[in-house]
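Presented below is the structure to which this report refers.
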Amino acid sequence: MSAQPRTKPYLSLRYKILFPLIVLGILIFIASYFGARSYLRGTIYNIMEEDILSIRDYVSTCMDGDVLQALSSGDVQYNTSAGWPDGMTDPRYWEQQACLDAVYDYNPRAEIYTYYAIDETTLAYGLDQWATLFPDESYEFGAVIDAETNNVEDLWFGLVDTYIYPELEYDEEVDVYYYAAAAPLQNSRGEVIGGLSIFLDAGWAVENLQTLSTNLLVIFIAIFALITVLVLVITRKTTSELTALKDASMRVADGDYTPITLKPHKINDEVSTLAQLFNTMLEKVHTREETLQHEVEELKVQIDMEKRQKDVKEIVESEFFQDLKQRASEVRKQRSKKQ
């Protein structure tokens, strides 16, 4: 006994068209979303980098590298017993500090300080912008920079060339992200005498990037939903006409040759052409079936007549019929003699 073929699952052509488009749309959406987000991130970072470089250039211009070198070498008037920053009585410090204070007026989102190398492994704080703005929280001049709480390695890079931190710096205490850089400071002879650390408040950038990302996500989802609806609407007409063709085919299998009726098309397409050809095929098949039925009826009549003639011939040629025929002849002769 041969096994019957397994019934295949059914999926409407409408969804066969829709699913690949959805997958393609998702891939385009992902690529577009992350591409646009990366572009926006790069644009914002470029703006912050330009701000940092302009601050670096300004400080390099307004600060006297020779004076800063003298201060960092120990030639400084500083009364440690008076505490920081009250004990800093050296006017040269506060003259250079004015340069950092001016940066705050130019860009209040910037936090800067200078630093210098005590030896090949140790760095110390120099001038600190907060010594004027927030004295109690500022770095003490000459204090060793703690490697455990600061990116000392990045600061060492800043003594060689301008170094932009690869990632945003996050301050847990104030919950703020910073875009940071370190750059060398030189004396009048072009020698590197220390470095400038710049922290630019990137909170606005992070918030704007998140807002832009959210807006992009909403826009892309709306576009994706609109495209999905349009595909469903567009494929609905086509698939409905194909469904009509399928139903008509099932009627033909049951002997119903009623032509299908579709809405008129201003411009013909494959489906409308297929419907016209299907109706033409129905007409020809119907005519051919009627012709075959008529021929079959005629053939039945002819077969019946031939069978009847054959049966009569068999009866006439049978011995019984011949015997009856002879007896009938004798009866007719006897009647003739009596008369």
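The values are calculated or read from the model by the stated rules, or taken from the named source; none is laboratory data. All of these numbers come straight from a predicted model, not from anything done at the bench. Every residue, glycine as well, gets a Cβ built from its backbone with ideal geometry; the counts of neighbours run over all protein chains shown. Accessible surface areas use protein heavy atoms only, side chains included; no ligands, DNA or RNA. Shrake-Rupley method; radii C 1.70, N 1.55, O 1.52, S 1.80 Å.
The mean sequence separation of alpha-carbon pairs under 8 Å and at least six residues apart, normalised by the residue count of region 69-183, gives a relative contact order of 15 percent. Annotation for residue 37 and residue 106: the two label points, set 7 Å from Cα along the Cα-Cβ direction, are 3.5 nm apart. Counting only protein heavy atoms and a 1.4 Å probe, tell me what percentage of the chain's accessible area is made up of carbon and sulfur. The value for the chain is 57 percent carbon and sulfur by accessible area. Could you give the distance between the Cα centres of region 102-133 and region 46-65, to the whole Å? So the two Cα centres are separated by 13 Å.
In the Gaussian network model of the chain, springs joining C-alpha atoms below 10 Å, which of 252, 301, 174 carries the largest mean-square fluctuation? Largest GNM mean-square fluctuation: 301. The stretch between residue 191 and residue 137 holds 16.4 nm of extra length on full extension. This uses 0.36 nm per residue minus the Cα-Cα distance.
Segment residue 47..residue 249, full-extension length gain: 66.0 nm, with 0.36 nm per residue of separation and the alpha-carbon distance subtracted. Considering only 297, 283, 241, the mean-square fluctuation computed in a Gaussian network model of the chain, springs between alpha carbons under 10 angstrom, is largest for 297. Backbone geometry of region 301-308 corresponds, through the Karplus equation with coefficients 6.51, -1.76 and 1.60 at θ = phi - 60°, to 3J(HN,Hα) couplings of 4, 4, 5, 5, 5, 5, 5, 5 Hz, x marking Gly and Pro. If the viscosity is 0.890 mPa s and the temperature 25 °C, what translational diffusion coefficient in µm²/s does Stokes-Einstein give for region 25-126 when Rh comes from Kirkwood over Cα pairs? My calculation gives 145 µm²/s for D. Model label points for residue 326 and residue 150, set 7 angstrom from Cα along the Cα-to-Cβ axis, are 14.8 nm apart.
Ranked by solvent-accessible area (1.4 Å probe, protein heavy atoms only, all chains present), the residues 294, 286 order from largest to smallest as 294, 286.
Over region 58-138, accessible surface divided per residue gives 50 Å², non-protein components excluded, 1.4 Å probe. Of the residues 32, 272, 60, the one that moves most in a GNM of the chain with alpha-carbon contacts below 10 Å is 272. With a Förster radius of 45 Å applied to the C-beta separation of residue 16 and residue 302, the computed FRET efficiency comes to 0.25. Calculated mean residue ellipticity at 222 nm for the chain: -21500 deg cm²/dmol, from DSSP H runs with n ≥ 4 weighted as -39500 (n - 2.57), summed, divided by the residue count and rounded to 500.
Count Lys and Arg as plus one, Asp and Glu as minus one, and take only other residues whose Cβ is under 14 Å from that of residue 43; the net charge is then -1. Over what distance in Å are the Cα centres of region 206-240 and region 146-204 separated? If we compute the Cα centre of each part, the gap is 43 Å.
Charge tally around residue 110: other residues with Cβ under 12 Å, Lys/Arg +1 each, Asp/Glu -1 each, net -3.
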